[in-house]
Structure formats: C-alpha cells, structure tokens
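The values are calculated or read from the model by the stated rules, or taken from the named source; none is laboratory data. Quick caveat: nothing in here was measured; it's all calculated off a predicted structure. Note that each Cβ is placed from the backbone with ideal geometry, even for glycine, and that neighbours are counted across all protein chains shown. SASA here: full protein model, heavy atoms, side chains in, ligands and nucleic acids out. Shrake-Rupley method; radii C 1.70, N 1.55, O 1.52, S 1.80 Å.
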Amino acid sequence: MNIVRQTRVALALVAAALAARLGAQTVSWDPPGGSLPVGEVSQLTLVFEDCSPDGDPAPPKVDGLRIEYQGQSSNLSLINGSFSRSVSLSYGVLLAKAQSVTIPEFRVKTNKGELAVPQVRFAAAGATVGSSGVSLTDAASAVLAPSADSVWAGEVFDLKYTIDAAATYRPNWGQGVLEWDASPLVAEDWSQPEPFLTGGARARKGLTYHTRALALSAGHIELKPTSQLIGLSVGDFGFGFFQQPQYQQFSVSDQPVSIDVRPLPPEPEGFTGAVGQFQISSKIVPTEVKVGEPITWTVELSGTGNWPEIRGLPPREVPASFQAIQPKPKRTQPAAKLFDGSLSEDIVLVPAASGTYTLPPLLFRYFDPKSGTYRTITAPGAVVTADPAAPATGVLVTPAPGAPSVGMGPSTEARAPEQPTGGLGDPVPPAPPAPAPLRLRAAAACAALPFGAFILFWLFLAYQRARRTDPLRTKREARARLASTIEAMKSAPAPDREPLLLSWQRDTAVLWGIPDAAPAGTRLPDPAWAGLWAEADRVLYGPKTVLAADWAARAEAALSAKSLKAFQPAGLFLPRNLIPLLAAAALFPAFQARAADPGASYRRGDFAEAQKAWASDVATNPLDWSARHNLSLALAQQDRWAEAAAQASAAFVQAPGEPATRRQLAATGDKAGFVPDPLDGLIQAGPIEGLARLESPGGWQRAGIASAWAVAAALCLLVARPYGAYRRRWPLAAAWVLFAAGVAGIAASVVGYRAYGIAADTRAVVIWQAGSLRSVPTEADVSQKTTVLPAGSIAVANKSFLGWMRLSFPNGETGWVLRSEAVYLWQAPPD
C-alpha cells in the first residue's frame, strides 16, 4: 500500500509540474522598457519562452519608430535539473524623433497557441557615438538648402542636400540611402552624390546631392525632413593585419526648412499656366499646293519650366476652307528631367478651294519668374497658295443611250472559269482542348526526371550488391553488438553477467576473425583483449570468481582502440518527389463541355452573336482550339480578316493536325495579307512540316517526356540484368526495342517542337493590327522612340500594364503595344 501511495504522490507531482510548464509560455520584449537613442539604430529582442513562433510575427507599426527584422536565435538552458528553451527574434529599431513611443500589445501565433505580447514604452534619449560621449549632432550633420527662401508658384528652383561627419569617425556611406518625402513639392530624382573633404584640424567628410523642385500652389511650406543612414567607426577589433574598424549605424536628419511660395500676379488673357523660360518655333511646308494636297504646320515649344502642368499649346486659327487634321502632340523630355523638355504639335491642313490664304501667328503667354512678369512669344504664321487641282485622267465615260460603247482599256480574252480558291468552311464541333506547352525549364526537368530515376535505380542496385558483398559486414555488426553488451554489463547484477560474457566472447571471435568454435584467449593478437578473455573464462568456467570491477571499462577502451573501416556507400541523392503524378495527368487534358452551341447563330446568319459566344468560350478556355477556329470563321464573315487570321493562327498552333485549321489559316491569311512566321512555312508541304503538324508544341513536349521515360525504363532493364534481377531473355529484347522507340520519339519531338519557333511559347501573341512598337506604355504626348510593327508579327508578351503589353522579339528588340492589337496564342489576356 505504501508503494501505491508513493506512486500516486509521484504522479500527482509530475502532473503538477507539467501543468506549470504548460502555463509558462510567454512572449515579451527585451528590454521591457527604458529609453531609445534618437537617430541611433538600436536592437530589441522578442523572446519566446518555452515556445517558438509559428510564422513571421509582424510587430505593429508605431509612428516615428522604424522596426526591421534582423534574425533569429535559440537558447537551451539547464537550471536546477529543469530544461528551458527560448527563441529570440532580433529587430533593429530606429527612433526618428525626440518623443516617447509605445509598442502596443499584440498577439502572435506560436507552436503552443496564440499568446499576447505586453505593450512596452520607451522614452527618447540623446544618441552618442560609441563610448566617447560625443553626441550624434556633433559627430554628423545634414543640411537641406533651397536656392531661395521665396519663390513663385510654379517656379523651378534648386535644392542642395549635404551630409557630413567628422573624418576621425571614418564615415561609411554604403549602408545608407537618402530618404525624403518631397510632397507637397514636385521634385526630380536626386543626383549622384559628390564626395568632399574639408581640411584642417577638424576635417570632415561628406556627400553633396542636387535636385530641382517646384511648388504648385502659393503659401508657406515646411519641407519634410531628410533621413540617411550612415556608419561611424567606434573603434577597432582584431589585431595586426586582421584589424577591422567597428561601425555603429546612425540616422542623420536635417534641421527644419521652410520656403514662402508667392502667388502669381493677375493673369492676362491667353495665359495657360506655363511658368519658366520658353522658346517657340513654327514651320509650314509647303506653302504652295494644289487643292486636296496636304500642308503640315508644326509648332514646337521648348525650354525650362513647370512642364508637369503644361498640357498643350493654344489652339490655332485656320481658314474655314481648310480641312484640319490634328494628331496628338508629342512631348520630348530628357531622362530624369521633369522640368526640361519640348512640346511639338503637327496640324495637317488640306485646302478645299483654290486661293491665297494667311495662316495667323500663334501667341503663347507664360510667366517669367526671373523678371516677375508675363511674357509673350510668337510662332510666326505664313501665306499659302492653293492652286486648282489638275483634271482627273482615266475616268470611264458613260455613253449616251443608243450610242456605241467605247472601251477604255485593253480587251480581255474569254477563258474557262477557274476552280474556287480555298474559302471558309463550316464550324467544327466542340473538341477536347489542346495541351498547353510547358516552359522550357519545366519541360527539360520533366524529360530529365526519368534519367534521374534511372540513376537512382542503378545506385540502389549497386548499393544492395555492395552491402551483400562487404567483407567486413559481419565484423562491423559484431563490433556494434559488443558495444551494446559492454554497456549492459556496466549495470547488470552478477548473476546476469554470464550470458553477457558469452555474447562478448562470441562477438569478439567474429571481430578478430577467429573461426574456432571454442577459441582460447591466446589466439587473440592483442594483449589487452587476451587478458579480458582470460578473466571472462575464469568467471565462466572456473571456481566462483567475481569479475573485476574495471573489466567493463577496460573492455570498452579495448573496443574503442579496435576500429574498423566504416562502410562507405555512394553519395546518393534522394529526391523528395520521385514521380510527378501531376505531369502524367497533364498528358491527357480533360475535355470541357460547352454549355451552348453558337453554331445555330452562325447557320442562321447572325455572325455577330456567334462571334460573341465563341469569344466568351475562348476567354473561358483559351486552349479550346475548336472555339478559336469557329471564332475565326465568324470574324471572317464580318470582313474582319486580320482578327480572323490571328485567331486562325492560334487554332492552327493548338491543333495543327486538323485539316480545317490549316485551310482556315491559309484562307484568312490570303485576305488579311499575312501569315505569321513560322506558321507560313508549316502550312506548306514538306517532310519536316508534315512531321511538325502531327502534334502541337505541347503535344510534342509530352511525347518527348514519354519517350524519355521509355528510354529510362529500357536502361533500367538493361542495367538490372548484370545484377541478377531477371534471367529470361525476353526482358532484354524488350529493353532494346523500348530504347530504340524512345530515342526515335525524342528525336521526332525535338524536330517537331523546334519547327514552331517562338509560337511554341505559352506567352506568344500575334499582332493583327499594324501599328507602332513604343518604348513607353502610353499614347500621351510624351516623345518616345517608336518602331513600325507590321501585322502578323509574333512576339512574347512578358509584362502587362493597364491596357498595354510589353513584347520581346527573337532579335532582342522590346517595346509596348496596346493589348487590343494582339491575340494570345495560348493564354487568356491578363485582367
């Protein structure tokens, strides 16, 4: 009963201890309060006691305090026989202003559940450099200085930023970036820093930055403070050649700066808001034309000023007898220069009647901040002459009734009617979607995977054979058993030692390679082992003798001295995923049924309704080649041949083996005037072209992957025979047949896939509308480099921005086009 009672008490104590441990998990800040130096990067630690974070805890944002995660560490301690484990997350903190801050209470997820982190409060303290006691303001400083204390609204002015530190601190600028919020100003990017060094006993090193800015509205403006991290040396660590400076990070801010922005004087008539210094020019060519011929009037405004606020030029006066065509203005600005540029507007004038006309000059008014006055500049006009148009030639004259007809051209010979050219066919029924091509890396990985599996299989066979034929295997196993036997003898009572001694002798004989059934101790070549054997014999077979107390220790030492060469298996790489089941499933894409048949609308002549329905199907499933083919038919019926050719190209690439897609691409390409390269070659006759049309690019990739698996399986059968995995002959013959078929399949898939060129990329698009390839995704009046982009071009769309897509061509050229001008071959347009 006493034993039962003691057991119950012990269990109760253990349960109480466990309950106490379960309730001991805490998360807290270290230090739990105090002060933080202003402008100095300090460190706070989030300590998890007897638990660990689940994920990456994000401390709450605190105004004026920057908190950035730095790293994690763990600690395991033993105090009074009790283990405790803690995990510490280190954060770099920077107090920007001299104010107290509070990190509020928040909750974090841990492996022991969700816990609360108590709030912590810190007061502001002055930052000092190292242990010198020198304040940060004395060691380093920053100054933001505008070129004038008072400027006009819209006036462009210079800003200079300087940061420096005492040269004795060997300032390091590599870790810091100038941070400044320019609002409410409009400012350019800062220039590259210019280093400087002031001489004298108190030498200082620093950097100077420049930029330009303007204020849009009048008033008193307080500029936002700047901030830049720098490193200051607070000593050296190491010695001799390995001595390195030790740096401490600080954030250096400038003193408050303000400027007064004066309002502009009362605006004169015709003022459009331009402030700065501008020039204007005008060019009208030609000045003598015939009626119906164009005249180009170009006006260009250039200079320095508030270009972000200049939207265009004032309208020009044109005589009523002119037809005016005004394209969008073109803006040209140097890179990273917001306040320098030019604006050019071209107007095409077409006279409708003959005569002499005066094009009046164009007046442009702006405010000159240097003189504080409004100025007017003039783009001169010109006098143009429009002569009567020449009489038309080659006009057919309709003869009077009863008069003989007169032919205006050469007579044509009668000939037999020709066979009709390839035209539009009927819509095709719904079909399974096409397999999407894989990215080249994914396809290469899937093709290489079976060979990796083959190598693993080969290494596994070699490893098994090496284990079976290892000459030291029995000795190594005996040595392991000896270690366990000796460990058991240390705590075994005397009656239980005899079986252990017998086991020790059996394994010792195996370890030393002694084949005798009952060997004598003298057979052991090592004196220590021989002595141990003799003592064991006396205990086992002699009079009752007690085994020496240090026998187990001496046996353990002797075993440690007797080493064997460890088994060295080949370095095997074990993949986490042996077989990608999803890749195998992708070889057989699922058929998606269509909810409605737009063919009925097409057959009754409602081509617009049919086009809308098939376009919806393509948007839902862009790999539905039958819907793309039928959409091309509906577009062609509406004489939208270019779009029809683009959709026919997509249908052909997805299902090249279908005669309907080949015929539709040829018919629409003939009407649209283009068949994208390399599809124009694939629709022709030829052995390579015929081979490529057997499968789509995605189908060829999957055929190549399946062929690679066949080759790998054949290699596995071939390499398994020498290891005795099978004895019959038919697996060997099957392996060679499988190997030949797999190699042929890989070669065919490579040739077939490469024939499609850039059209095999899942990001490929066809440009169906001739236009311009732009360097910037905008049609606004921003001057930019453009390249003529013909219809039928194929490129890769690798980026999307609003209604634009960025194209990349095989020759390395890149640019932007409107998304509405292109059709994706494999994908749906991005949202």
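Among 486-498, 548-560, 618-630, what's the highest-first ranking by average C-beta atoms within 10 angstrom per residue? Provide the component values of the computation, followed by the final result.
Working: 486-498: 13.0, 548-560: 15.6, 618-630: 22.8.
Taking the mean over residues of other Cβ atoms within 10 Å, the ranking is 618-630, 548-560, 486-498.
Report the gain in length on full extension from ALA431 to LYS97: 0.36 nm times residue separation, minus Cα-Cα distance, nm rounded to one decimal.
113.5 nm
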> What accessible area, in Å² to the nearest ten, does a 1.4 Å probe give for PHE278?
Replying inline: 10 Å²
> For region 37-75 and region 127-186, what is the separation of their C-alpha centers, rounded to whole Å?
Replying inline: 28 Å
>> How long are the semi-axes of the equivalent ellipsoid of region 132-245, taking √(5λ) for every eigenvalue λ of the Cα gyration tensor, in whole Å from largest down?
In response: 35, 13, 12
>> Once neighbouring chains are kept in place and the probe is 1.4 Å, which whole percent of the accessible area of region 227-351 is contributed by carbon and sulfur?
In response: 54 percent
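Just need the Rg to Rh number for region 293-383, please, alpha carbons only, Kirkwood Rh. If you can, show how the numbers build up before the last one.
On the way: Rg = 15.5 Å, Rh = 14.9 Å.
Value, to two decimals: 1.04.
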>> Beyond 24 Å, how much of the Cα-Cα pair distribution for region 594-737 remains, as a whole percent?
In response: 48 percent
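Sort largest first and round to whole Å: the equivalent ellipsoid semi-axes of region 130-198, each the square root of five times a Cα gyration tensor eigenvalue. Let's see the in-between values first.
Details: eigenvalues 173, 35, 27 Å².
That gives 29, 13, 12 Å for the three semi-axes.
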>> If you roll a 1.4 angstrom probe over the protein chains with everything in place, what fraction of the accessible area of region 609-694 belongs to carbon and sulfur, to the nearest %?
In response: 49 percent
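Please compute the per residue accessible area over region 71-168 with all protein chains in place, 1.4 Å probe, rounded to a whole number of Å². Present the calculation step by step, with values, prior to reporting the outcome.
Values: 4900 Å² over 98 residues.
Per-residue value: 50 Å².
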> Using 0.36 nm per residue, how much length does the chain from TYR541 to ALA619 gain when fully extended, once their Cα-Cα distance is taken away?
Replying inline: 18.9 nm
>> Run the simple label-point estimate for ASP670 and LYS337 please: 7 Å along Cα→C-beta, distance reported in nm.
In response: 5.5 nm
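Taking a quarter of the surface of the Cα convex hull of region 265-313, what do you get in nm²?
In nm², the orientation-averaged hull projection of region 265-313 is 5.0.
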> Which whole-number value in Å² is the accessible area per residue of region 654-794, probe 1.4 Å?
Replying inline: 47 Å²
>> Can you compute the radius of gyration and Dmax for region 685-760, using only the Cα atoms, both in Å?
In response: 15.7, 51
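Using a 10 Å cut-off on Cβ atoms, rank the peptides 696-707, 217-228 from the highest mean neighbour count down. The partial results should precede the final answer.
Values: 696-707: 24.7, 217-228: 15.9.
For the peptides 696-707, 217-228, the packing ranking is 696-707, 217-228.
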>> Percent of Cα-Cα pairs more than 21 Å apart in region 700-804, please.
In response: 59 percent
>> Could you sort the peptides 608-616, 472-480, 69-77 by per-residue average Cβ neighbour count (10 Å cutoff), highest mean leading?
In response: 608-616, 472-480, 69-77
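Compactness ratio of region 19-141: Cα Rg over 2.2 N^0.38 Å, N = residue count?
Values: Rg = 16.7 Å, N = 123, 2.2 N^0.38 = 13.7 Å.
Its radius of gyration relative to the 2.2 N^0.38 Å reference: 1.22.
Hey, any idea what % of region 700-749's accessible area is carbon plus sulfur with a 1.4 Å probe? If you can, show how the numbers build up before the last one.
Details: 1900 of 2600 Å².
Result for region 700-749: 73 percent of the exposed heavy-atom area is carbon or sulfur.
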